[in-house]
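What follows is one structure encoded as structure tokens, with my remarks underneath.
Taken together, the values in this text are just the output of simple stated rules run on the coordinates, not laboratory data. Computed from a predicted structure; not experimentally measured. Don't worry about glycine lacking a Cβ; one is built from the backbone with ideal geometry, like all the others, and counts go over all protein chains shown.
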Amino acid sequence: MAYSKKVIDHYSNPRNVGSLDKSASTVGTGVVGAPECGDVMKLQIQVEGDRIVDAKFKTFGCGSAIASSSLATEWIKGKTLDEALAIQNTQIVEELSLPPVKIHCSVLAEDAIKAAVNDYKSKQAPKEQQP
Amino acid sequence: MKLPIYMDYQATTPCDPRVVEAMLPYFTESFGNAASRNHRYGWEAEEAVEKARGQIAELIGANPKEIVFTSGSTESINLALKGVAEMYAEKGKHIITCSAEHKAVLDVAKHLEQQGFEVTYLQPDKSGRVSVEAVAAALRPDTILVALMWANNEVGTLNPIREIGALCHEKGVLFFTDATQAAGKVPVDVEADHVDLLCLSGHKIYGPKGVGILYVRRRNPRVRLVAQMDGGGHERGMRSGTLNVPSIVGLGKACELARQELPSEAARTAALRDHLEKRIFAELDFVHLNGNREHRLPNNLNVSFAYVEGESLIMGISDVAVSSGSACTSASLEPSHVLRAMDVGEDLAHSSIRFGIGRFTTQEEVDFAASSVIGAVKRLRELSPLYEMALEGIDPKTVNWQAPH
């Protein structure tokens with residue numbers, strides 16, 4: 001399969017690889033996919049106020065899955081939670097010129113962002129309920 | 001060293017220059033139709049075809065009259081399975097094969113099921129091997145054919161052909177074996193191994209593409225087939241069509257070379273394969289051998305690198321040409337049906353790479369490939385959330401994954 005230059009770039013030099021402390025209250029973690037499907041993405045965000053100040057990922061998957069998650073971390077860094085939630089998989093498809101068989105990689109990246117933001121929000125929720 | 005290094009010898013092989021040299025005169029000077037009985041051009045072509053028939057027969061211990069030329073193994077399989085089924089349908093309608101066979105066999109079996117035949121798909125063991133006991137247990141009074149491959153094209157596992165052949169002959173059931181990967185790599189003898197029908201293909205043994213044979217036993221028992229191609233009645237009525245003389249000459253030469261060089265080449269490729277395997281297993285953790293350590297082709301190595309996805313690994317070793325059982329590398333988006341049949345686990349099927357060693361592979365190339373793949377696996381594991389879990393002592397298999405994609 002021929003890959004676009006941007007996919008090869010993200011695959012060869014993935015941005016923001018690593019892990020944040022998943023037990024920290026300021027960190028949201030999203031893990032999506034499944035090993036038997038051939039792709040698992042873990043995307044983590046560090047939040048201050050309502051802004052994402054850092055993002056890290058680790059991905060088990062094809063080159064397009066690695067590139068989609070790498071690009072996602074690049075895009076959400078510095079964004080507010082709402083701005084991050086507004087990212088659509090189609091934007092990832094366009095940016096990386098993903099072929100139709102690889103669209104699910106971009107869907108997974110969008111799901112990972114949402115899962116990470118929701119995880120962060122659920123960590124905050126109990127605190128707000130406390131008197 | 002020429003890059004990328006070719007290590008996909010189970011997919012195809014380059015023509016040996018000695019094969020090309022033997023073929024060349026038959027494109028231009030000796031271009032006759034082997035069926036022309038009235039002039040020198042035809043006689044020359046026929047003579048060349050008969051010489052090739054002899055060279056091929058010798059490789060598999062057959063009589064030259066038992067060799068039917070085809071366009072390759074897929075056609076041979078179609079002719080053997082459909083031809084036998086149609087000819088012997090009155091005797092019975094049951095066929096035995098295995099779920100780890102090549103798609104050429106499985107798809108023909110499916111076709112025959114639609115025609116009213118009943119097919120038993122044996123499950124191989126975890127190493128991809130079918131036992132003679134499993135075949136014996138599946139045999140029925142109405143079984144007309146057992147179709148099992150000699151060597152698996154993905155994992156290189158060898159089936160116990162001689163035992164299965166003996167059983168079939170004892171029970172009066174015809175035995176077809178796909179020897180596409182085995183011919184020229186391991187000794188094949190249709191007499192000693194009790195084989196009734198066998199196919200092989202030119203391009204897997206350093207011959208040209210688009211040519212192969214079907215061996216059809218003539219005595220004890222005499223196998224009869226319904227032709228699948230109607231026409232001029234070539235090849236004793238079993239396969240009509242003007243013979244592809246240059247390719248047949250090439251296939252003959254390829255078989256002659258394969259027979260002469262088999263002992264030395266099997267030892268040489270096995271040594272290179274073992275070296276590759278040793279390096280991978282010494283320098284990486286969480287590595288699984290797919291196949292059978294004892295009963296396997298000398299030139300095949302199929303390995304799953306846990307927690308690394310196959311397509312991304314292939315992307316990381318772009319200077320080494322290999323194949324993967326990963327879903328992402330196949331047109332169907334399904335992981336290898338062979339690894340699934342062997343029940344190695346979907347996760348490991350996604351992580352598998354097949355290395356094929358061949359006549360032109362050097363020690364230098366093997367070391368280059370080993371270093372590339374080891375480096376790429378290490379790099380990709382740093383990116384892998386599953387490897388991280390494994391190092392933390394969590395088996396990703398025990399996690400309840402949420403996305404049933």
- On Cα atoms only, tilt of B:245-283 relative to the major axis of chain B in degrees: 20 degrees
- Under unit Cβ charges (Lys, Arg +1; Asp, Glu -1), what dipole magnitude, rounded to 20 debye, does chain B have relative to its Cα centre? 1000 debye
- Would you mind computing, in nm to one decimal, how far apart the modelled labels at residue A:90 and residue B:343 are, each placed 7 Å from Cα along Cα→Cβ? 4.6 nm
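Based on DSSP loop calls and a cut-off of at most 14 other Cβ atoms within 10 Å, the longest stretch of chain B free of exposed chymotrypsin sites (Phe, Trp or Tyr not before Pro) is what?
B:32-359
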- Where does helix B:40-60 land angle-wise versus the long Cα axis of chain B, in degrees 0 to 90, nearest 10? 50 degrees
- In what order do B:73, B:372 fall by count of nearby beta-carbon atoms within 10 Å, going from fewest to most? B:372, B:73
- If pairing requires two Cys Cβ atoms under 4.7 Å apart, which cysteines of chain A are left without a partner? A:37, A:105
- Message: What do you get for trypsin sites (Lys or Arg not before Pro) in the stretch B:235-295 restricted to DSSP loop and a cutoff of at most 14 other Cβ within 10 Å of the site's Cβ?
- Response: B:293
- Mean residue ellipticity (222 nm) of the protein assembly as shown, computed from DSSP H runs ≥ 4 via -39,500 (n - 2.57), nearest 500: -13000 deg cm²/dmol
- Task: Before anything else, pin down the relative contact order of chain A: Cα pairs under 8 Å, at least 6 apart, normalised by residue count, whole percent.
- Result: 29 percent
- the stretch B:87-163 versus the stretch B:243-287: alpha-carbon centroid distance in Å: 26 Å
- Label point at residue B:367 placed 7 Å out along Cα→Cβ; residues across the stretch B:266-287 whose backbone nitrogen lies under 14 Å: B:272, B:275-276, B:279
- Query: With a ≥ b ≥ c the root eigenvalues of the C-alpha gyration tensor of the protein assembly as shown, is it rounded (a/c under 1.5), prolate (a/b larger than b/c) or oblate?
  - Reply: prolate
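If R0 is 22 Å, what FRET efficiency do you get for residue A:24 and residue A:74 from their C-beta distance, rounded to 0.05?
0.50
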- Item | Flagged links, alpha-carbon separation over 22 Å, of A:58/B:397; B:65/B:91; B:51/B:82; B:103/B:204; A:5/B:2 | B:65/B:91; B:51/B:82; A:5/B:2
- Message: Averaging the inverse of every distinct alpha carbon separation and then flipping it gives the Kirkwood radius. What is it for chain B, in angstrom units?
- Response: 22.3 Å
- Distance from a point 7 Å along Cα→Cβ of residue A:48 to each backbone N in the stretch A:65-83: keep the residues under 19 Å and list them by number. A:74-83
- Query: If we count GluC sites (Glu not before Pro) as exposed when they sit in a DSSP loop and have at most 11 other beta carbons within 10 Å, what is the longest stretch of chain B that avoids them all?
  - Reply: B:91-293
- Item | Dipole-positive endmost among B:151, B:33, B:390 within chain B (Cβ charges, Cα centre) | B:33
- Query: Against the longest alpha carbon principal axis of chain B, how many degrees, from 0 to 90 and to the nearest 10, is the axis of helix B:103-114 turned?
  - Reply: 70 degrees
- Query: Label points 7 Å out from Cα along the Cβ direction at residue B:334 and residue B:295: separation in nm?
  - Reply: 2.5 nm
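For the stretch B:1-131, rounded, prolate or oblate, judged on the Cα gyration tensor with a ≥ b ≥ c (square roots of eigenvalues), a/c < 1.5 rounded, else prolate if a/b > b/c?
oblate
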- Message: With +1 assigned to the C-beta of every Lys and Arg and -1 to the C-beta of every Asp and Glu, and no other charges, what is the dipole magnitude of the stretch A:17-90 about the Cα centre in debye, to the nearest 20?
- Response: 140 debye
- Query: Relative contact order for the stretch B:17-258 using alpha-carbon pairs under 8 Å, separation at least 6, rounded to a whole percent?
  - Reply: 28 percent
